[in-house]
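All remarks here apply to the structure that follows.
The values are calculated or read from the model by the stated rules, or taken from the named source; none is laboratory data. Since this is a predicted model, take the numbers as computed values, not measurements. No Cβ is skipped: glycine too gets one built from the backbone with ideal geometry, and neighbour counts run over all protein chains shown.
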Amino acid sequence: MTAALKTARRAEFRRAWPVVLASAFGAGTGAVPLAFYSFGALVDPLNKALGWTRTEITAAPLFLTIGGLVAGVLAGGMADRFGARRVVLWSQAALVLAFAGLSFLPPSLPLFYLGYALLAVLGAGTMTMTWSRAITGWFVSGRGLALGLSLVGTGTIGAVLPAYMSWLVADYGWRGAYLGLAVLPLVFGMPLTFLFFREPPEEPTADGVLLPDTLAGSHSFGEALKTRCFWQMAISFSIVALAIASVIVHCVPMLTDRGIASGTAAGLAGLIGIAVTFGRLVSGLLLDRMRGPSVAFLMFGLPALSCLLLTVAGSNLWLCGAAIVLVGLAGGAEHDIAAYFCAKYFGRRHYGKIYGLLYTLYGVGSGFGPLLAGRTVDATGNYTLALYAGAALFALSAVLIVSLRPPPPLAEPA
């Protein structure tokens with residue numbers, strides 16, 4: 001690394017560390033991480049209280065995805081037009097109300113699914129495209145690490161949320177647990193967003209520091225959709241998201257089915273969040289130093305081994321923990337890599353809308369994964385077939401992403 005690059009990187013972090021801090025807390029208390037990381041602890045309580053099957057309950061993330069498809073591109077486009085800060089603040093307030101509303105849910109599956117769809121619609125502004133839009137504007141030389149740090153909150157919340165949810169469910173029931181989720185964006189997200197989250201300047205500064213990218217040369221939304229690069233990314237990220245979400249959502253019930261105590265299972269599930277945090281930082285550092293597709297191949301390929309390991313681990317806590325960590329590493333790297341690739345290959349001017357679509361497309365995988373895994377378990381009585389399928393999906397995603405090539409350069413205007 002050259003001295004000039006080190007100087008530029010330090011300057012970027014001196015200027016924009018408050019934006020990274022606010023993004024970390026805001027992303028961690030956003031709609032998707034709170035909904036997904038809390039869900040495993042709610043499956044059995046909802047099953048016992050309302051009599052719904054695991055298949056019926058684990059269909060809820062699919063409706064979260066549907067809501068994201070409706071609102072993700074819109075939220076990204078609004079961030080491009082009005083600025084991410086304004087969109088985030090309104091969305092955080094709406095998300096608080098959405099989680100609180102689920103605590104009053106009657107025993108109705110359609111309303112349960114509607115509630116999860118509304119989490120995504122109302123909380124769309126808290127998804128990663130808003131935070132990463134600002135980060136990719138403030139950082140160039142240290143963009144990979146900055147993205148990793150700005151999204152590290154999603155890993156942290158994944159580490160603490162299973163135990164937090166286990167306590168809430170035990171002491172206050174599933175209704176109290178949803179109110180406990182509403183507290184998190186209200187207390188930890190909104191204040192830091194209001195105080196520290198700021199829009200990046202549009203052009204490089206005059207002091208010679210490589211701060212933001214110029215907006216010139218960015219792909220339009222339509223131009224990005226015409227490239228093979230975009231759709232290859234969408235397929236690869238969708239496949240890996242399907243596999244990751246299946247393991248995350250089913251982690252606690254999968255472990256308790258093996259005879260592991262619920263408290264121990266929740267502790268093991270918390271390893272996912274720790275690994276997500278580590279995966280974000282490692283992938284961010286590597287992206288600033290290595291070819292991006294090679295980093296993605298490593299981070300997406302290793303979890304294939306974890307799924308195979310889980311098929312033979314039984315109730316061995318060490319083997320289960322090691323497998324869970326590998327999946328968490330992929331979960332941490334996924335959003336970081338997607339955000340980095342989107343800025344690198346398509347530019348910043350329409351970043352929110354382009355990444356908003358990419359995010360919602362691979363969110364489809366996150367929505368279908370738990371449902372398909374739940375249906376497989378109901379049909380076979382165990383997780384073996386689902387785990388073999390997960391291993392194959394991780395391997396396929398790694399192959400697709402390592403063969404990724406940049407889109408052709410834009411034609412020069414006449």
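Restricting attention to region 269-282, and to residues there that are over 14 Å from the mean Cα position of the chain (by Cα) and surrounded by 21 or more Cβ atoms within 10 Å (Cβ to Cβ), which single residue is nearest to Ala159 (Cα to Cα)? So, considering only residues that are over 14 Å from the mean Cα position of the chain (by Cα) and surrounded by 21 or more Cβ atoms within 10 Å (Cβ to Cβ), the one nearest to Ala159 (Cα to Cα) is Gly270.
Among the residues of region 293-328, those that are out of contact with any Pro (no Cβ under 6 Å at 6 or more places or on another chain) and crowded, with 24+ Cβ neighbours inside 10 Å comprise Val295, Ala296, Met299, Phe300, Pro303, Ser306, Cys307, Leu310, Cys320, Ala323, Ile324, Gly328.
For region 259-297, a tally of residues being out of contact with any helix residue (DSSP H, G or I) (no Cβ under 8 Å at 6 or more places or on another chain) and either assigned to a helix (DSSP H, G or I) or farther than 30 Å from Val140 by Cβ (or both) returns 2. Here is a list: Leu371, Leu385, Leu404, Leu400. Which entry is free of Cβ contacts under 8 Å to residues at least 24 places away in the same chain and either part of a loop (DSSP other than H, G, I, E, B) or touching a Ser or Thr at 6+ places or on another chain (Cβ under 7 Å) (or both)? One residue alone meets the criteria, Leu385.
Within region 326-359, restricting attention to residues that are out of contact with any Asp or Glu (no Cβ under 7 Å at 6 or more places or on another chain) and among the charged types (D, E, K, R), the residue that is modelled with the lowest pLDDT is Arg349.
In this entry, Thr154 is excluded by the filter for residues that are part of a helix (DSSP H, G or I), β-branched (Val, Ile, Thr) and closer than 13 Å to Val73 by Cα. Count of region 37-69 residues, restricted to those that are in contact with a Gly (Cβ under 7 Å, 6 or more places away or on another chain), buried (at least 24 other Cβ atoms within 10 Å of the Cβ) and at pLDDT below 85, is 5. Among helices (runs of 4 or more DSSP H) entirely within region 1-85, having at least 1 residues that are under 30 Å from Ala224 (Cβ atoms) and over 21 Å from the mean Cα position of the chain (by Cα) singles out 3-28, 60-82. Selection of first residues in region 116-129 that are farther than 12 Å from Gly30 by Cα and in contact (Cβ under 8 Å) with a residue 60 or more places away in the chain and of second residues that are part of a helix (DSSP H, G or I) and not aliphatic (A, V, I, L, M), restricted to Cβ pairs under 8 Å at least 6 apart or on distinct chains, gives the following pairs, ordered by first then second residue: Tyr116/Pro61; Tyr116/Phe63; Tyr116/Gly67.
Would a scan of region 381-388 turn up a residue that is surrounded by fewer than 18 Cβ atoms within 10 Å (Cβ to Cβ) and at pLDDT 90 or above? Looking for residues that are surrounded by fewer than 18 Cβ atoms within 10 Å (Cβ to Cβ) and at pLDDT 90 or above, one finds at least one in region 381-388, hence yes.
Only one of the numbered conditions (1) over 16 Å from Ser246 (Cα atoms); (2) in contact (Cβ under 8 Å) with a residue 12 or more places away in the chain; (3) part of a loop (DSSP other than H, G, I, E, B) is violated by Pro409, and that is (2).
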